[in-house]
Structure formats: C-alpha cells, structure tokens
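Everything on this sheet refers to the single structure shown next.
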Amino acid sequence: MNRLGVLGWPVAHSRSPAIHNAALAALGLNRDWHYQRLPVPPQLFEPLVRALAASSFAGANVTIPHKQAALALADEADKAAREIGAANTLTIAADGAITAENTDAPGLIAALGEQPTGRRALVLGAGGSARAVVWALLGAGAAEVSVWNRTPARAEQLARELGARAVAHAEPADLLVNCTSVGLQERAEGYPQQRARSPLEPSASDVSALNLLGLAFDAVGEYSHVVDLAYRSTPTPLVAAAQAHGVRATDGLDVLVAQGALSLERWTGRPAPLSVMRSAARAEDPGG
Ligand code: NDP
C-alpha cells in the first residue's frame, strides 16, 4: 500500500481526500494507493513527517500552518518552493529522503486557463498563498503585479522580496486574485440563497465582505478575470460579485484541484484525471 495524505492543523474540512481518492479510483490505483487526512499540531510536525516513510507514505500535501516547516525539513526543494519560502507537496523516497515542492504556484497558472503574460494583476493579501501567487504571476510574465493587504507593512515586505508593487488601495488591473481568508465563512443556516433579486444587487453581507478586501461591489465589474482562493459550498462574495457583473471567475476549488493534480502526477507518474477531481471537489460535503 502506498499512502498519501494532507498534513494540516486543522484539516478536518479539507476536500483533498475526496479529490485524490476519486482520482486514484479513476486511475485504477485505489487498491494500492490511499489518501487520508493527517491532523498534526505544529510541535509534532517534524517527527510525524520523518515517521511517514516507515508507515508506507509516498507523499503528502501540506496546508495551514505547516508550509514553511515543510520546506525547512526537506532534504531537497524545487526552485518554486525555495523562492516562495513554502512547500505544499512532499515526496518521500523509500530511504526516507524528503523532496519539497510548491504546486500552489503552477496550480494557480493552470487554473487560470490562460497565461497572464503582459497582463496587470492585483493580488489581495500578503500571507503564504499570496507569496505563491505573486511569484507565479511574475514568473509567468505578468506585466505588473500589485499587492494590497489589510496590514500594509506585510504587503510592502512581500512586494520588496518578490519584485511586486505594494498599493494602498485596490487599483484597476486585468486580473484580480484574492489570497485572503475573507469569504471562507459559510452563509448562516437558512440564508435565502435563491432569493429573487436583481442580478446586480448584492446582499449586505456580500458587500461587507468585499469592503474587507478594499473593494466596492461595482469595482469588481472592472476586472476582466477574478480569482478567489477561498472557497465554500456557495459562491464566495467575490465570485458572486464577479458573476453578477458577467466577469470571468475562477474559484478556490478550481485552484485546489489544479495544485492537487500536479501533486498526484508527481507521486504516481500518471496524468491526473482532472474532470473526476473537479466533480469530487464539488460533490464533497464541506462538513465531511
Ligand atoms: P495566511 O494566514 O498566510 O494569510 C491570510 C491573509 O488574509 C493575510 O493577508 C491577512 O491579512 C488576510 N486576512 C485575514 N482576515 C482578514 C480580514 N478579516 N480582512 C482582510 N484581510 C484579512 O493564509 P494563506 O495565505 O495560507 O491562505 C489564505 C486563503 O487562501 C485561505 O482562505 C486559504 O484557505 C486559501 N487557500 C486556498 C488554496 C486553494 O488551493 N484554493 C491554496 C492556499 C490557500 P493581514 O496580513 O492583515 O493579517
């Protein structure tokens, strides 16, 4: 048995097991491979990862808050992980050697469905995922990448380190990428999702979520492509606003599947069944 998993704390709500196990089944590998949640607190991260090889693990995805620690303990790391400063994919050799890679960055470009070459991008946020997104966009030839963050000093530091430009306000651009956790919260139970209203009339809670991102509802209509790394069972406020304006929208599940597909290909050497993975991502109960 080759074991795979996702290391996080918390990790109960991760959709990666559903996505990867559906892919392994579609590839006919589910008798020999299995993917599971690996909840591990920070103080146990390193010893647990070092013990994985002895428990038949061939690899693991890494999520909050372990991505930097994953890079630090690896024996080898790819260029993306080193320059971003974080890894989301670990591959474990039979002798226990650990290779760290970052598939968040190429996954973002794959999920875009187009190269950002020559385009202007505005990235919201300055945490770990924002670093991967800024690095990916600049590496893929974006003409300019601006960074806005609630805490401006973090945007300034990220911009300085990666060659982007920190901005005090959400500026116009072709591509808008939300890399903050705003929008993750599920709507309250009983929320009238199908309420009849004008397609261009946002709910009050959607407006306040957009305001947390320094955006007004109408301003979202000025971007040509909106990406939200956050995801939940209904469209996030940013995705809902983009859809209301007829703007192309890519949600966090598309990005999750794209980065997961690259990890799976790395571990199994087989092309990832993307449509199966996309269906599994959207079928999974977020509470499961
Ligand atoms: P971090 O904790 O490293 O960064 C969080 C960011 O969100 C910071 O910029 C923080 O701003 C900002 N933020 C948090 N709360 C608020 C708020 N109330 N108002 C405005 N800004 C806020 O997280 P990550 O970068 O690792 O992840 C960010 C999001 O991306 C998460 O939702 C995560 O689930 C998602 N993600 C999705 C992936 C996918 O595949 N779909 C992959 C990776 C991440 P400040 O600096 O001011 O605190």
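Sorting check: for 264-274, 127-137, which peptide has the highest mean count of neighbouring beta carbons within 10 Å, and how do the rest follow?
Peptide ranking by packing, descending: 127-137, 264-274.
Sort largest first and round to whole Å: the equivalent ellipsoid semi-axes of the chain, each the square root of five times a Cα gyration tensor eigenvalue.
Over the Cα atoms of the chain, the ellipsoid semi-axes are 32, 22, 17 Å.
Relative to a virtual label point 7 Å from the Cα of residue 144 in the Cα→beta-carbon direction, which members of the stretch 107-135 show backbone nitrogen distances below 19 Å?
116-125, 134-135, by backbone N distance to the label point.
Using mean Cβ contacts within 10 Å as the protection proxy, how do 234-245, 6-17, 107-118 order, highest first?
234-245, 6-17, 107-118
Assuming R0 = 51 Å, can you tell me the calculated FRET efficiency for the pair residue 25 and residue 153, based on Cβ-Cβ distance, to the nearest 0.05?
Efficiency, rounded to the nearest 0.05: 0.65.
As a test of the formula, what do you get for the chain when each DSSP H run with n ≥ 4 contributes -39,500 (n - 2.57) and the sum is divided by the residue count, at 222 nm and rounded to the nearest 500 deg cm²/dmol?
-11000 deg cm²/dmol
Over the stretch 1-137, what portion of Cα pair distances is larger than 22 Å, expressed as a whole percent?
The calculated P(r) of the stretch 1-137 puts 41 percent of pairs beyond 22 Å.
All of the numbers you see were taken from the coordinates with simple rules; none came from a lab. Quantities reported herein were computed from a predicted structural model and do not represent experimental measurements. Reconstructed Cβ throughout: ideal geometry from the backbone, glycine too, with neighbour counts over all protein chains shown.
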